[in-house]
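**Student:** Pasting a structure here, questions to come.
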Amino acid sequence: MRKILIYFILLIFICFSIPIIFTSNFSERTSAQKVVENEVTNPKTNEIEDSEYNYSKYGTVKLLHKDNNKVEELPIDEYLYGVVSAEMPASFEEEALKAQAVVARTYTIYKIIHNEGKHGDADICDDSTCCQAWISEKDRKDKWDDDEKESNWNKILNAVNSTKGEIITYEGEPINAFFHSNSGGETEAPIDVWGGSGYPYLQSVSTSGEDAYSQYSSEVELSKDEFVEEIKEVHSDFEIDFDEEDCIKIEEYTDGNRVKTIKIGNLELSGVEVRTIMGLRSANFKITIDGDNIKFEVTGYGHGVGMSQTGADSLAKEGKTYKEIIHHFYTDVEIESI
Ligand SMILES: [Zn+2]
């Protein structure tokens, strides 16, 4: 294979993750639960040279089960059945499930190639807030009604098997295939979430139809006292006078329509940090002072980078194929067989 030098700068994440999106029971976060996904503690630049990738060696995945700390080695497609069924409802369109299968396969292989020993000998873990969700066939089927167990499972098998060996590449290399639940209509460039230099294939794109999903809008309301307390836990020098005009003011938005910077009292915070502190579903929010309370109206769910899962389903409903869905969310990529 010819050598290809990657010219763009890669971020190395100590811990990046996929949001808790479509867990088995569609559980919803409450405002009390903190969003800890995508925490970047040590972004640094790196230059990686193609090292004669031999994809046949990625036939199996060493999966770390976080609950018992055991490592299980699984054939990659068998592993992917558990990922697709944990990450996306089987009720979604077949083309959306296929897109999810290719994205998850790409994400997995990227993890194997760029393994930094974060999980010892394992390539990836089953914690959705760290790597990528996974559920066993038995546990998955136990959560479905009897009359849909087989048809649902067959839909998952078909999504993985009919896209066997396919991954997303950019300039010949597997991409870092981020995905999230609901973009709120616009996906986000990673530079506006984690800083550093962006990936050229992850641009902000618009998707229609995402407002039809329950993940699209949410609200968090808390008292002024609670609001102050939450911020003081992180910034002990925080002060605010609610009588002052513009004591809370959004100063800048990102290309993806999320809050980039916001002035709150004596602080200037990023939208991502406010999302984390307040446990919001996304950094696309409006904030209002409502009597003694502070109210956040939030649009979308997740970091907003890469494929939106509800957006994928929405596009599939419009008749788009899984390949068209992938090309919609990832710019200038190819879908190749490995
Ligand atoms: Zn992990």
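Every number here is computed from the coordinates shown, using simple stated rules; none is lab data. Nothing here was measured: the structure is a model prediction, and the numbers come from that model. Note that each Cβ is placed from the backbone with ideal geometry, even for glycine, and that neighbours are counted across all protein chains shown.
**Student:** What number, in nm² with one decimal, is the all-direction average of the projected area of the convex hull of the alpha-carbon atoms of the range 217-299?
**Tutor:** Quarter of the Cα hull surface area: 4.8 nm².
**Student:** Right, here's the next one. How do 88-98, 215-225 rank on mean C-beta neighbours within 10 Å, highest first?
**Tutor:** Output ranking for 88-98, 215-225: 88-98, 215-225.
**Student:** Pull up all non-local amide H partners of Lys260: gap of 5 or more, or a different chain, and H-to-H distance under 5 Å with H placed in the peptide plane.
**Tutor:** When sequence neighbours closer than 5 places are left aside, the close amide H contacts are Glu252, Tyr253, Thr254, Gly271.
**Student:** Holding the Cα-Cα limit at 22 Å, pick out from Lys98/Lys149; Lys118/Lys141; Lys62/Lys138; Lys66/Lys138; Lys224/Lys249; Lys111/Lys138 the pairs that are longer than that.
**Tutor:** Beyond 22 Å between Cα atoms: Lys118/Lys141; Lys111/Lys138.
**Student:** Determine ³J(HN,Hα), in whole Hz, for all residues of the range 80-96 in sequence, where each value follows from phi through the Karplus function 6.51 cos²θ - 1.76 cosθ + 1.60 and θ = phi - 60°; x replaces Gly and Pro.
**Tutor:** 5, 4, x, 6, 4, 6, 8, 8, 9, x, 5, 6, 5, 4, 4, 5, 5
**Student:** Still on this structure, please answer the following. Let's see if you can work this out: charge +1 on each Lys and Arg Cβ, -1 on each Asp and Glu Cβ, no other charges. What is the dipole magnitude of the range 125-284 about its Cα centre, in debye to the nearest 20?
**Tutor:** Here the size comes out at about 880 debye.
**Student:** A further question follows. Just name one of Pro190, Val220, Ile231: the one whose Cα is farthest towards the positive end of the charge dipole of the range 166-247 (beta-carbon charges, Lys/Arg +1, Asp/Glu -1).
**Tutor:** So the residue furthest toward the plus end is Pro190.
**Student:** At 7 Å along Cα-to-Cβ for each site, give me the label-to-label distance between Thr321 and Ser91 in nm.
**Tutor:** 2.9
**Student:** What is the gain in length, in nm to one decimal, between Thr288 and Glu245 on full extension, counting 0.36 nm per residue of separation less the C-alpha to C-alpha distance?
**Tutor:** Between Thr288 and Glu245, full extension yields 14.2 nm more.
**Student:** Taking the Cα centre of the range 217-299 as the origin, how large is its charge dipole in debye, to the nearest 20, when only Lys and Arg (+1) and Asp and Glu (-1) carry charge on their Cβ atoms?
**Tutor:** Once rounded to the nearest 20, the dipole reads 540 debye.
**Student:** Between the range 207-222 and the range 229-278, what is the separation of their alpha carbon centroids in Å?
**Tutor:** 22
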